[in-house]
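Shown below is the structure under consideration.
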Amino acid sequence: MDAMPRTEGDTLIAPSSTEHPLYADVVEACRTVYDPEIPVNIYDLGLVYRIAIDGENNVEIDMTLTAPGCPVAGEMPGWVADAVEPLPGVKTVNVQLVWDPPWGMDKLSDEARLELGFM
């Protein structure tokens, strides 16, 4: 089966499980992890692309970094997993780094823009 061709504007980010009861707690746990070079948490930086939670409370997180050469590239997924795993009800956590679409300043939340002085 051939993949559908991508066109300008196609999203590469699968939907998150926003209706799952654990979703808000997972988001808040992600907000406890900070990029060491930027004083803003990874969620508000827009580094978390997807939070998927299945019926058995297994959590999958797709995230990126501000740049592929980020010095903590090998460590940050573990920091995120360590923040999410202790949440009551979470069974397993799998954090995957993705590079497509690449991160850009357009992914910053309003909170991050304010913190960084862009608003």
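Work out, in µm²/s and without decimals, the Stokes-Einstein translational diffusion coefficient of the chain at 4 °C, 1.567 mPa s, Rh from Kirkwood over C-alpha pairs. Don't jump to the answer; show the numbers that get you there.
Numbers: Rh = 15.1 Å.
It diffuses with D of about 86 µm²/s by this estimate.
Also, quick follow-up: Given R₀ = 35 Å, FRET efficiency for ASP54-THR32 by Cβ-Cβ distance, to 0.05? List each step's numbers first, then the result.
Values: r = 23 Å, r/R0 = 0.65.
E(calc), rounded to 0.05, equals 0.95.
Using the per-residue mean of other Cβ atoms lying within 10 Å as a proxy for protection, in what order, highest first, do the peptides 43-52, 98-107, 19-28, 56-65 fall? Intermediate results must be reported in sequence, preceding the final value.
Numbers: 43-52: 21.0, 98-107: 12.4, 19-28: 15.0, 56-65: 19.1.
Most protected by this proxy first, the peptides run 43-52, 56-65, 19-28, 98-107.
Need one number: nm distance between label points at THR92 and LEU114, each 7 Å from Cα along Cα→Cβ, rounded to one decimal.
Computed distance between label sites THR92 and LEU114 equals 3.9 nm.
Rg over Rh of the stretch 48-118, using C-alpha atoms and the Kirkwood radius, what does it come to?
Details: Rg = 13.7 Å, Rh = 13.5 Å.
On the Cα set of the stretch 48-118, Rg over Rh gives 1.02.
Read-outs: derived from the displayed coordinates by stated rules, not from any lab. Since the model is a prediction, treat every value here as computed from it, not as a measurement. Because the Cβ atoms are built from the backbone with ideal geometry, glycine has one as well, and the counts that use them run over all protein chains shown.
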